[in-house]
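Notes follow the structure.
The values are calculated or read from the model by the stated rules, or taken from the named source; none is laboratory data. These numbers come from a predicted model, not from an experiment. Every residue, glycine as well, gets a Cβ built from its backbone with ideal geometry; the counts of neighbours run over all protein chains shown.
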Number of protein chains: 2
Amino acid sequence: MGVADEGRPPVRPRRPPVMADVGRIAGVSHQTVSRVINGSSHVSPPTRGRVLAAMQELGYRPNSIARALVTGRSRTLGVVSFDTTLYGPASTLFGIERAAHAAGYFIIIASLKALDRASVGEAIDRLQLHGVDGILVIVPDEESADALLHAPTDVPLVAVEAGPESGIPVVAVDQVAGAVMGTGHLLDLGHETVWHISGPPSSLESQRRVEGWRARLESAGRTPPPMLSGDWSARSGYDLGRRLSRDRAVTAVFASNDQMALGVLRAMHEAGRGVPHEVSVIGFDDIPESPYFMPPLTTVRQDFGEVGSRSLRVLVSAIEALKTGGRPPAGSLVEAELIVRSSTAVVAVAGP
Amino acid sequence: MGVADEGRPPVRPRRPPVMADVGRIAGVSHQTVSRVINGSSHVSPPTRGRVLAAMQELGYRPNSIARALVTGRSRTLGVVSFDTTLYGPASTLFGIERAAHAAGYFIIIASLKALDRASVGEAIDRLQLHGVDGILVIVPDEESADALLHAPTDVPLVAVEAGPESGIPVVAVDQVAGAVMGTGHLLDLGHETVWHISGPPSSLESQRRVEGWRARLESAGRTPPPMLSGDWSARSGYDLGRRLSRDRAVTAVFASNDQMALGVLRAMHEAGRGVPHEVSVIGFDDIPESPYFMPPLTTVRQDFGEVGSRSLRVLVSAIEALKTGGRPPAGSLVEAELIVRSSTAVVAVAGP
DNA sequence: CAAACATACGTTAGCGCTAACATCGCCGTC
DNA sequence: GACGGCGATGTTAGCGCTAACGTATGTTTG
């Protein structure tokens, strides 16, 4: 193997070998070669052996583009995403890729220039044009989500992390339950109420967390204090945290992600308000750095990897369903998990 | 334009329209349709108009798989990467995707299960089999890098962030210069020497930073203190930081990334050693959270987006070169930038 | 023992597109 | 006014593969 072209006449064209070449060497038709490759029965063991040997000798590699043309399936899936630099989307994408690999699919990405309906539509269009078998959309934004409802129906679509209420399957973490958990943790520690720094208003995830926060507060008979809206960045958490730090009534803050919680931590520190002794802070996501914040951050973990792999499975079965005419799969919710560290504590007793 | 199928005889097959269908409506051959699509001259304006109108009417979309089969170019590029969850690779990938989009290419990702020669080879193989026109490899690991030297030569390859010394183009940040800068900053502040927490020994980036750190120290006539090796995680920075915090002689620490620096910050804080008054700490990367660490982290910024887009340009020109027989492009180095914040300060004067 | 049926192949058509060549007017040229 | 040339188009061949059918052999069955 490797000395194959030593004593051979110059019958080796520069182009890579194709099925017919393999067939010629093995003494069979190109179709039999195809049968061997596709694991068809109806090929006698000796023939199969000769074909395999010929493939080895020539270093034959099947051309997947030709195969895609004739079968109409490219074994490629598209992922639409906005900012894959953020931990959440990046981890989800990673989970998707692993699962896709295992399922024999490739992932092609299309990131958005802007977070609006038109961009999402254009990205889906581009992917479809390229011949993907299905599309995953990681765009947890209100406006963008309903772009999915107007998307073409001839390619299976799955919304990841968040999506429209109906129409297409959605695979996401149970944000409401997560927010209820986080808020409840603070209430259980004895805090009178919990302040909330939300994400951008158009974010579906943020909306669900606000929902959970409100619901938990109301079920405890408390009136939710005014909500503050950030933009996921540590900077916005810091700015808003400074506002909160001036109000002595604030003893518990629930930030809608860990980065904003980091900003709050810093703001409280600068204002001389000790965390967790004077103020408790909780985040959301559980990014890898959270355990090393000062103090280590209590947060609500989202299992992004699970969301990724689960959404891939849903997409694959949607593709099967489309092919066989079966019923499309349903979405699913991944449970959130409360991670208690040192940024939350029982409420301090009022001074003398 | 939407009532097209209202009074029309049942001549609309369920399959999507192809060039021949467009040609039939426009009264031309499918080849003329092809010419219009590919912007060929030699098509009269009226004909072009009729073809365009027919395309519109039918909602024709070119089939890029068929095109790829006949042209031998898929306009798809592969990216091999290890952990796209980390900020560096994620940002680079993002930069690559943006540039690819602009250049009319798609990106398909192949992430590695393990960081070794075989995995890298297998990933390259998979991508090539899928028909990519070129491959970018973001695997700054010593062993994996030389897998690139044994890679097939019939598909252009570019190493991103780090790579072998020669053989294939490498696009990366100038790690050595960055480390020299960071170390120099500490020396300039009056520190007698600078301790270093490196990344994993097999990481090429870590190796270059160690190199820069040593060189700068030696050029200042200092003997580099023993080096400590971490694994990029905040945890390892914390563990190693605790060791350093016990040594009163340590006044300046250069961590090879921001996460480890975060761990050091935490370790120093717990040991009661004030940063920056007693100990200065500098990181590397400038992740978005760094300005909100306590204290805000001085670090060496890497422009990952620039690395991504630049490496894409290099790959595209390598593809052109292969096609036209021109000379392959060279790699390039992106400059690092020192970002001074509050975790570094002039060395404290010795006590009474 | 002919009919019926597997099994192991080969042959023929495409998939939808582009490349290469062929064809047909129509122009200016000498 | 016959001729070269060129612009605008049609025709013919594939790209490398799979699907569908055709055709030899054996193998069973009533």
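Between A:Ser74, A:Ser81, the distinction of being away from DNA strand C (no atom under 16 Å from the Cβ) and buried (at least 22 other Cβ atoms within 10 Å of the Cβ) belongs to A:Ser81 only. Answer yes if at least one residue in the range A:83-104 is touching a His at 6+ places or on another chain (Cβ under 8 Å) and under 24 Å from A:Gly163 (Cα atoms), and no otherwise. For the range A:83-104, residues touching a His at 6+ places or on another chain (Cβ under 8 Å) and under 24 Å from A:Gly163 (Cα atoms): absent.
For beta carbons closer than 8 Å, sequence separation of 6+ or different chains, a first residue in the range B:60-73 that is farther than 14 Å from B:Val132 by Cα and a second that is of a type in the set (Gly, Ala, Ser) and more than 7 Å from DNA strand C (Cβ to nearest atom), the qualifying pairs are B:Tyr60/B:Ala54; B:Asn63/A:Gly131. Taking the residues in the range B:272-287 that are within 33 Å of the chain's Cα centre (by Cα) and farther than 16 Å from B:Ala336 by Cα as candidates, determine which candidate is farthest from the other protein chains (Cβ to nearest Cβ). My answer is B:Ser280.
Does B:Glu270 satisfy the criteria of being surrounded by fewer than 19 Cβ atoms within 10 Å (Cβ to Cβ), in contact with a helix residue (DSSP H, G or I) (Cβ under 8 Å, 6 or more places away or on another chain) and within 16 Å of A:Pro295 (Cβ to Cβ)? Considered against the rule, which asks whether it is surrounded by fewer than 19 Cβ atoms within 10 Å (Cβ to Cβ), in contact with a helix residue (DSSP H, G or I) (Cβ under 8 Å, 6 or more places away or on another chain) and within 16 Å of A:Pro295 (Cβ to Cβ), B:Glu270 comes out as yes. Sub-8 Å Cβ pairs linking a first residue in the range B:27-47 that is closer than 18 Å to B:Pro17 by Cβ to a second residue that is within 6 Å of DNA strand D (Cβ to nearest atom), at least 6 apart or interchain, are B:Val28/B:Thr47; B:Thr32/B:Val43; B:Thr32/B:Thr47; B:Arg35/B:His42; B:Arg35/B:Val43; B:Val36/B:Val43; B:Val36/B:Thr47, ordered by first then second residue. For the range B:35-68, a residue qualifies if it is farther than 21 Å from A:Arg126 by Cβ and within 37 Å of the chain's Cα centre (by Cα), and exactly one does: B:Ser40. Being of a type outside the set (A, V, I, L, M), assigned to a loop (DSSP other than H, G, I, E, B) and away from chain A (no Cβ under 14 Å) is a condition met by no residue of the range B:293-313. Among the residues of the range A:239-261, are any part of a helix (DSSP H, G or I), in contact with a strand residue (DSSP E or B) (Cβ under 6 Å, 6 or more places away or on another chain) and of a type in the set (Val, Ile, Thr)? No, the range A:239-261 contains no residue that is part of a helix (DSSP H, G or I), in contact with a strand residue (DSSP E or B) (Cβ under 6 Å, 6 or more places away or on another chain) and of a type in the set (Val, Ile, Thr).
Identify the residue in the range A:24-34 that is part of a helix (DSSP H, G or I) and near DNA strand C (Cβ under 7 Å from one of its atoms) and, among all such residues, is farthest from the other protein chains (Cβ to nearest Cβ). Give the steps one after another, and end with the answer.
Let us first name the residues in the range A:24-34 that are part of a helix (DSSP H, G or I), namely A:24-26, A:30-34.
With the extra rule that they be near DNA strand C (Cβ under 7 Å from one of its atoms), the set shrinks to A:30-32.
Working: A:His30: 16, A:Gln31: 19, A:Thr32: 21 Å.
Filtering the range A:24-34 for residues that are part of a helix (DSSP H, G or I) and near DNA strand C (Cβ under 7 Å from one of its atoms), the one farthest from the other protein chains (Cβ to nearest Cβ) comes out as A:Thr32.
Taken as a whole, the structure leaves B:Leu149 outside the set of residues that are closer than 10 Å to B:Val80 by Cα, in contact with a Gly (Cβ under 6 Å, 6 or more places away or on another chain) and among the hydrophobic types (A, V, I, L, M, F, W, C). When the residues of the range A:36-45 are filtered to those that are more than 7 Å from DNA strand C (Cβ to nearest atom) and of a type outside the set (A, V, I, L, M, F, W, C), which remaining residue is modelled with the lowest pLDDT? By that ranking, first place goes to A:Ser40.
Given the criteria at pLDDT below 95, more than 10 Å from every other protein chain (Cβ to nearest Cβ) and more than 16 Å from DNA strand C (Cβ to nearest atom), does B:Asp116 qualify? Answer is yes for this residue. A Cβ distance below 6 Å, combined with a sequence gap of six or more or placement on separate chains, defines the contacts here; from the range A:97-108, residues that are within 10 Å of another protein chain (Cβ to nearest Cβ) reach residues that are modelled with pLDDT under 95 and not in a helix (DSSP H, G or I) in the pairs A:Glu97/B:Ser111. Considering only the range B:54-71, state which residues are away from DNA strand D (no atom under 14 Å from the Cβ) and either surrounded by 17 or more Cβ atoms within 10 Å (Cβ to Cβ) or away from chain A (no Cβ under 14 Å) (or both). Residues satisfying the conditions are B:Met55, B:Gln56, B:Glu57, B:Leu58, B:Tyr60. Without any contact (Cβ under 8 Å) to a residue 60 or more places away in the chain and of a type outside the set (A, V, I, L, M, F, W, C) - does that describe any residue in the range B:156-163? There is no residue in the range B:156-163 that is without any contact (Cβ under 8 Å) to a residue 60 or more places away in the chain and of a type outside the set (A, V, I, L, M, F, W, C). Checked against (1) within 14 Å of another protein chain (Cβ to nearest Cβ); (2) of a type in the set (A, V, I, L, M, F, W, C); (3) more than 32 Å from the chain's Cα centre (by Cα), A:Ala249 passes all but condition (1). Among the residues of the range B:72-85, those identified as more than 8 Å from chain A (Cβ to nearest Cβ) and either in a helix (DSSP H, G or I) or not basic (Lys, Arg) (or both) are B:Gly72, B:Leu77, B:Gly78, B:Val79, B:Val80, B:Ser81, B:Phe82.
Of all the criteria given as (1) at pLDDT 95 or above; (2) closer than 30 Å to B:Asp286 by Cα; (3) of a type in the set (A, V, I, L, M), the one not satisfied by B:Leu86 is (1). Just one of the numbered conditions (1) within 14 Å of chain A (Cβ to nearest Cβ); (2) out of contact with any helix residue (DSSP H, G or I) (no Cβ under 9 Å at 6 or more places or on another chain); (3) modelled with pLDDT of 95 or more is not true of B:Gly325: (3).
Do we find a residue being closer than 17 Å to A:Gly308 by Cβ, at pLDDT 95 or above, among the small types (Gly, Ala, Ser) and in contact with a strand residue (DSSP E or B) (Cβ under 8 Å, 6 or more places away or on another chain) anywhere in the range A:91-111? Checked the range A:91-111: at least one residue is closer than 17 Å to A:Gly308 by Cβ, at pLDDT 95 or above, among the small types (Gly, Ala, Ser) and in contact with a strand residue (DSSP E or B) (Cβ under 8 Å, 6 or more places away or on another chain).
Only one entry in A:Arg235, A:Arg214, A:Arg242 is basic (Lys, Arg) and more than 28 Å from the chain's Cα centre (by Cα), namely A:Arg242.
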